[in-house]
Every structure is written in structure tokens, then in C-alpha cells.
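**Q** Handing you this structure, nothing more for now.
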Ligand SMILES: N[C@@H](CCC(=O)N[C@@H](CS)C(=O)NCC(=O)O)C(=O)O
């Protein structure tokens, strides 16, 4: 028995993205239960996660449930010290804790004006002054974190940590709405878009349900600024190179085509998430490269 995480639509639920990254990016096993936002599905699902009211919500193997992404992060870091979710160095850890807390409590202007939407990217959104002030603040904090911790790589406090998990949705907002940031922040955003766990989440978010009208905006669109997926497409039939699904090992029922080759999966969702971004899925890529 393992952890169970209640999540909202992957394309839109920024707090769910944080909750899920806490598992996938640190190698912790979890099974997910998905409920559509703005429907009865979420409150119905959360009855099984009493007393939580929002996604993400985490059910521990002993039956205890908790909500609040920061509490979930702290509890997982305590239970799994080997996963290195916070920086080991006390100074870097203190910085990372402040960053995650500030993100959890703040940046409301950019959160409200630019709701997370992983299904599109816009040329511009004419951000108002309070959004620009949030962007100034976050860039100051990202630069301060790097300077204070001596981080020289992709992430804010050394290795990828809970601080980066908490800023992942904000990084996607900068990408989706083409928000104006300097080169250091743009590089940090690019690192998030290329992170393997984020690519998996977005691939699932592109195919896990219909578009949510609440998130639609009329701004001119542009291509997604993250890595370009390999050109796979869904096809009919079960004539595939593999007889068994690379994920479950059970017989193939759904197929995709890539580079004139056909590969099979045991259900539509696993086929479609692979079509959305083949390189996000190591087991598929092992099959593709074999
Ligand atoms: N402070 C909470 C925020 C969670 C949150 O607002 N989740 C949204 C989905 S992104 C939600 O469940 N909305 C449904 C609702 O508020 O009824 C956390 O850190 O987890």
C-alpha cells in the first residue's frame, strides 16, 4: 500500500502540480485520483480524504488524510529524508523554506491574472502593474536564492528542491502568458519546462479531459515555448511492434505511430499521454530505441 494523491485537472490545477511533483521528481511512489475542477467530482472525491477541501489532498497508508501543499511537502520530507527534498545544507535549506513559504502565501496578482494553463501559450497578456510587481519580486527572490546558496546550476538552491517544486506553476505562467522577465529568470523557466517530471505531468494534462472554459483567454496564441515533442500520432488498430504495453505489460489495445513505426498500449490514456510527449516516458523511449 502506498500514498494516494487527489488531484484536479492536470492542465489547470497548479496546486495539484506541486503535490504531484513532490512524488514524481523525488522518486516517491504514489497513486493518483483525478477529479475535474468546477464540478461535483472534487468535493465528492474529497469525502474520501476528510477533512481536506482542496486538491492536492494526500491519503497516507494508515488512513490519515491531509491537504495543503506545503504541509504535504514538509511531511514527505520528514518521512523520506533520503529523498533530499530540502537542501541538506542548513543555509540553503533556510532559503528554500522561505521561498516555498512565500510562494505558498503570495504572488496573488500573477496567480489571479494568469491562471495556470498548460494547454496553450499566448503572445502577450498586457500584464497590469501589480502583476509586473510580482514578477519583479519573484526575480529578486530567485536571484537572492542563487547568490545566497551559491547555486550555479538550473535550480534555486543547488539540487532540485521543494523550493523549485513550489515555483514550477509560476514558471509555467511566465511561459503560457509570455510574461516579461530577464534572461536568468527565462533560463529558470526553461529548466522547469524541460524537467522530466514536468513534461510527464503536462503530457497527461494535454489529454486528461476537455478544455475548461474558465481558463480560456482571447490573447493571440504562440507555440508552447518548452521542448518540442517528437511527432507521434494516434492510429487505429493493434498491429504494433510490441504485443504488450510498455507500462503495464498487458496486451495492446491502442496504438500510436512515430517515424513510420507503430507502438501499442493497454489503454487510450497511456497511448494519448505518450503521443503528447513521447520523450517524457522512459519506458516508451526504451521500447522506441530498442
Ligand atoms: N492552499 C492550498 C490551495 C489548494 C487549492 O486551492 N487547490 C485548488 C485546485 S488548484 C482547488 O482545490 N480548488 C477547488 C476549490 O477551491 O473548491 C494548497 O496549498 O494546497
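Nothing in this text is a laboratory measurement; each read-out follows from the coordinates by a stated rule. Just so you know, these numbers come straight off a predicted model, no measurement behind them. Ideal geometry is used to build each Cβ from the backbone, glycine not excepted, and the neighbour counts take in all protein chains shown.
**Q** Report the Cα centroid-to-centroid distance between the stretch 187-234 and the stretch 1-50 in angstrom, as an integer.
**A** Here the answer is 18 Å between Cα centres.
**Q** Something else about it: Taking the Cβ of each residue in 197, 16, 101 as the centre, tally the other Cβ atoms inside 10 Å and list the residues starting with the fewest.
**A** In order of increasing Cβ crowding within 10 Å: 101, 197, 16.
**Q** In whole percent, what relative contact order does the stretch 75-210 give with Cα contacts below 8 Å and a gap of six or more residues?
**A** Averaging sequence separation for qualifying contacts and normalising by length gives 30 percent for the stretch 75-210.
**Q** Across all directions of projection, what mean area in square nanometres is found for the Cα convex hull of the stretch 3-83?
**A** If you wrap the Cα atoms of the stretch 3-83 in a convex hull and average its projections, you get 4.8 nm².
**Q** Something else: Starting from the Cα-Cα distance between residue 230 and residue 47, subtract it from 0.36 nm times their residue separation and give me the gain in nm to one decimal.
**A** Gain in length upon complete extension: 61.9 nm.
**Q** Relative contact order for the stretch 1-44: what percent, with Cα pairs under 8 Å and sequence separation of 6 or more?
**A** Once normalised by length, the contact order is 49 percent.
**Q** Restricting to DSSP H runs of at least four residues, report the calculated mean residue ellipticity at 222 nm for the chain, -39500 (n - 2.57) per run over all residues, nearest 500 deg cm²/dmol.
**A** Result for the chain, helices only: -13000 deg cm²/dmol.
**Q** Something else about it: So for each of 35-48, 276-289 I average, over its residues, the number of other beta carbons within 10 Å; can you give me the resulting order with the highest mean first?
**A** 276-289, 35-48
**Q** Residue 289 versus residue 2, label points 7 Å from Cα toward the beta carbon: distance in nm?
**A** Label-label distance for residue 289 and residue 2, simple model: 2.3 nm.
**Q** For the stretch 147-248, restrict the atom set to alpha-carbon positions and state the Rg and Dmax in Å.
**A** Considering the stretch 147-248 through its Cα atoms, Rg and Dmax are 17.4, 56 Å.
**Q** Express the Stokes-Einstein translational diffusion coefficient of the stretch 1-50 in µm² s⁻¹, to the nearest whole number, given a Kirkwood radius over alpha-carbon pairs, 20 °C and a viscosity of 1.002 mPa s.
**A** 190 µm²/s
**Q** Using only Cα atoms, figure out Rg for the chain and give it as a multiple of 2.2 N^0.38 Å.
**A** Compactness ratio reported: 1.02.
**Q** Another question, then. Roughly how tilted is helix 183-194, in degrees to the nearest 10 and between 0 and 90, from the longest Cα axis of the chain?
**A** 30 degrees
**Q** On C-alpha positions alone, give me the angle between the axis of helix 129-149 and the longest principal axis of the chain, in degrees, nearest 10.
**A** With both axes taken from Cα atoms, the answer is about 90 degrees.
**Q** Still on this model: Between residue 210 and residue 39, what is 0.36 nm times their sequence separation minus the Cα-Cα distance? Round to one decimal in nm.
**A** Separation in residues times 0.36 nm, less the Cα-Cα distance, equals 60.3 nm.
**Q** Still on this structure, I have one more. How big is the gap, in Å, between the Cα center of the stretch 97-168 and the Cα center of the stretch 235-290?
**A** 35 Å
**Q** With r as the distance between the Cβ atoms of residue 217 and residue 184 and R0 = 22 Å, compute the FRET efficiency 1/(1 + (r/R0)^6) and round to 0.05.
**A** 0.20
**Q** What is the helix-to-structure angle for 196-205, meaning the angle in degrees between its Cα long axis and the longest Cα principal axis of the chain, kept from 0 to 90 and rounded to the nearest 10?
**A** Compared with the principal axis, the helix lies near 70 degrees.
**Q** So for the chain, averaging the separation of alpha carbon pairs under 8 Å that are six or more residues apart and normalising by length, what relative contact order in percent results?
**A** Dividing the mean separation by the residue count of the chain yields 16 percent.
**Q** Given a Förster distance of 22 Å, report the FRET efficiency between residue 148 and residue 74 from their Cβ-Cβ distance, rounded to the nearest 0.05.
**A** My answer for the efficiency is 0.55.
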